[in-house]
Amino acid sequence: MPLPLEGLRVIELGQLIAGPFAAKILAEFGADVIKIEPPQSGDPLRNWRLMHDGTSVWWAAHARNKRSITLDLRQPEGQEVVRKLAADADILIENFRPGAMDKWGLGFKELHAINRKLIMLHVSGYGQTGPYRDRPGFGVIGEAMGGLRYLSGEPGRPPVRVGVSIGDTLSGLHGVIGVMMALRNREQQGGVGQEVDVALYESVFNMMESLLPEYDKFGVIRQPSGASLPGIAPTNAYLCKDGKYALIAGNGDSIYKRLMGLIGRSDLATDPKYGSNAGRAENAEMIDAAIGEWTAQHTLDEVLAGTTAAGVPAGKSYDAADIAADPHYQARDMILDATLSDGSTVKVPGIVPKLSATPGKVTREAPALGQHTAEILTSIGIDSTTQADWKARGIT
């Protein structure tokens with residue numbers, strides 16, 4: 001059965017994380033993604049973090065299923081190639097600062113005049129409109145303005161980052177959602193595309209739950225809370241006998257009663273004061289202390305065995321080694337082998353979401369820089385003599 005996005009052509013002009021992450025997901029479900037990179041240097045992510053044989057191992061996951069063409073978008077010839085590719089494309093993804101595409105003659109107005117079906121995804125720090133639109137913005141800035149950084153960390157200590165560029169990947173996910181809705185609208189409205197405007201800070205802000213309404217209605221500014229979840233109890237990280245932490249979420253009413261039975265505190269299970277979350281939240285410190293007294297008497301494995309038997313959600317904080325060894329990850333194909341340029345393999349994350357009839361797949365390894373330049377230029381009528389000239393002039 002064909003993959004759900006088979007037959008769609010995507011032009012990816014983005015670099016680093018947000019735009020390319022959106023394109024990666026589309027590619028995993030069948031879209032033909034043509035990634036345009038600067039000549040010589042390529043996407044900077046090729047050189048981020050730990051390298052193998054001259055290329056980041058991150059690249060093996062981030063760029064799989066894509067074709068790579070090198071183009072200098074500052075040159076008229078490079079801009080004309082983008083127009084030719086856009087004329088037959090369904091989606092164009094870019095994450096430059098707002099105005100850059102217009103400066104190159106590649107804005108939505110110009111490209112839409114060439115191809116009415118084109119959907120254009122913009123990913124930027126602050127969006128395409130508003131007083132901050134021209135400011136540079138990376139994921140860290142989006143996470144800060146979106147409210148996440150203020151809440152991250154321990155009370156009374158400086159804010160910390162999540163550990164990954166979550167603002168970028170959240171924006172990539174929102175971009176995919178927007179593209180899919182625009183594709184559906186295109187089907188309904190006679191084949192006309194539109195723009196999808198994703199801002200990093202808005203993608204983060206969209207995840208911030210009750211943050212704003214609580215401030216508006218009660219004047220409450222939510223504060224960092226470490227491992228706990230304010231207003232929801234009990235849910236926290238509890239130190240075990242062997243120095244490891246168990247993450248236990250006993251905040252459902254019936255779950256809470258089972259947890260209290262497990263730790264030998266039937267008095268807390270039957271007291272009507274703690275029968276609902278409101279009462280437990282008011283006494284979260286006392287309840288956490290009771291759970292902590294129990295976990296301190298058992299190893300992490302013993303705690304997890306007990307909570308599993310009692311039907312209480314619990315787990316441990318997985319590091320990379322835990323993930324690589326976990327049988328559940330393996331059973332759900334969430335760890336795949338990718339082949340690197342020297343023929344060796346590296347383990348990379350699997351594909352989500354899981355579709356029952358048309359699951360995503362890896363059809364090609366991450367490309368070398370410009371690997372498909374000649375193939376793609378030839379397909380749009382650029383002859384070999386012109387290609388050689390452009391190569392010599394640094395256009396490709």
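For the structure I just gave you, tell me whether Leu106 is within 30 Å of Ala388 (Cβ to Cβ), modelled with pLDDT of 95 or more and hydrophobic (A, V, I, L, M, F, W, C). In short, yes.
Could you please find all residues in the stretch 147-171 being among the small types (Gly, Ala, Ser) and buried (at least 23 other Cβ atoms within 10 Å of the Cβ)? The answer is Gly167, Ser171. The helices (runs of 4 or more DSSP H) found wholly in the stretch 299-378 include none carrying at least 2 residues that are more than 26 Å from the chain's Cα centre (by Cα), under 30 Å from Ala392 (Cβ atoms) and hydrophobic (A, V, I, L, M, F, W, C). Residue count for the stretch 202-221 satisfying the condition of being open to solvent by less than 80 Å² (accessible area, probe 1.4 Å) and either farther than 19 Å from Gly137 by Cα or out of contact with any Ser or Thr (no Cβ under 9 Å at 6 or more places or on another chain) (or both): 7.
Of the set (1) part of a helix (DSSP H, G or I); (2) more than 14 Å from Arg149 (Cα to Cα); (3) among the acidic types (Asp, Glu), all apply to Glu202 but (2).
Taking the criterion of being at pLDDT below 90 and part of a loop (DSSP other than H, G, I, E, B), the residues of the stretch 137-152 that qualify are Gly137, Phe138.
I'd like the residue in the stretch 253-266 that is open to solvent by 20 Å² or more (accessible area, probe 1.4 Å) and within 33 Å of the chain's Cα centre (by Cα) and, out of all such residues, is farthest from Ile232 (Cα to Cα). Here the answer is Ile255. For Gly250, state whether it is over 18 Å from Gly306 (Cβ atoms), buried (at least 16 other Cβ atoms within 10 Å of the Cβ) and not aliphatic (A, V, I, L, M). Considered against the rule, which asks whether it is over 18 Å from Gly306 (Cβ atoms), buried (at least 16 other Cβ atoms within 10 Å of the Cβ) and not aliphatic (A, V, I, L, M), Gly250 comes out as no. Just one of the numbered conditions (1) out of contact with any Ser or Thr (no Cβ under 7 Å at 6 or more places or on another chain); (2) open to solvent by less than 70 Å² (accessible area, probe 1.4 Å); (3) within 30 Å of Pro158 (Cβ to Cβ) is not true of Ala269: (3). Being more than 17 Å from Asn283 (Cα to Cα) and surrounded by 16 or more Cβ atoms within 10 Å (Cβ to Cβ) is the filter here; which residues of the stretch 222-243 pass it? Listed by number, the residues that qualify are Arg222, Pro224, Cys240. Considering the conditions (1) under 30 Å from Ile177 (Cα atoms); (2) in contact with a strand residue (DSSP E or B) (Cβ under 6 Å, 6 or more places away or on another chain); (3) of a type outside the set (A, V, I, L, M, F, W, C); (4) open to solvent by 60 Å² or more (accessible area, probe 1.4 Å), Tyr318 is excluded by exactly one of them, (2).
Only one of the listed residues (Lys361, Lys316, Lys354, Lys347) is closer than 30 Å to Val81 by Cβ and of a type outside the set (A, V, I, L, M). That residue is Lys361. Cβ-Cβ below 7 Å, separation at least six or inter-chain, first residue in the stretch 164-188 and on the phi > 0 side of the Ramachandran plot, second open to solvent by 20 Å² or more (accessible area, probe 1.4 Å): which pairs? Nothing qualifies.
Scanning the stretch 234-251 for residues that are touching a helix residue (DSSP H, G or I) at 6+ places or on another chain (Cβ under 8 Å) and not aromatic (Phe, Trp, Tyr) yields Pro234, Asn236, Leu239, Cys240, Lys241, Asp242, Lys244, Ala246, Ile248, Ala249, Gly250, Asn251. Figure legend. Inter-residue proximity from the stretch 12-23: first residues more than 13 Å from Arg64 (Cβ to Cβ), second residues open to solvent by 10 Å² or more (accessible area, probe 1.4 Å) and not in a helix (DSSP H, G or I), beta-carbon distance below 6 Å, spacing 6+ or different chains. Indicated pairs: Gly14/Asn95; Ile17/Ser165; Ala18/Asn95; Gly19/Asn95. The set of residues from the stretch 322-358 being in contact with a helix residue (DSSP H, G or I) (Cβ under 9 Å, 6 or more places away or on another chain), without any contact (Cβ under 8 Å) to a residue 24 or more places away in the chain, under 20 Å from Ala22 (Cα atoms) and open to solvent by 60 Å² or more (accessible area, probe 1.4 Å) comprises just one member, Val352. Restricting the stretch 254-274 to residues that are of a type in the set (Lys, Arg) and part of a helix (DSSP H, G or I) leaves a set whose member that is farthest from Gly311 (Cα to Cα) is Lys273.
The values are calculated or read from the model by the stated rules, or taken from the named source; none is laboratory data. Only a predicted model underlies this, so the values are computations on that prediction, with no experimental measurement involved. Here Cβ is always computed from backbone atoms with ideal geometry, including for glycine, and neighbour counts include all displayed protein chains. Surface areas here come from the heavy atoms of the whole protein model, side chains and all, with no ligands, DNA or RNA. Shrake-Rupley method; radii C 1.70, N 1.55, O 1.52, S 1.80 Å.
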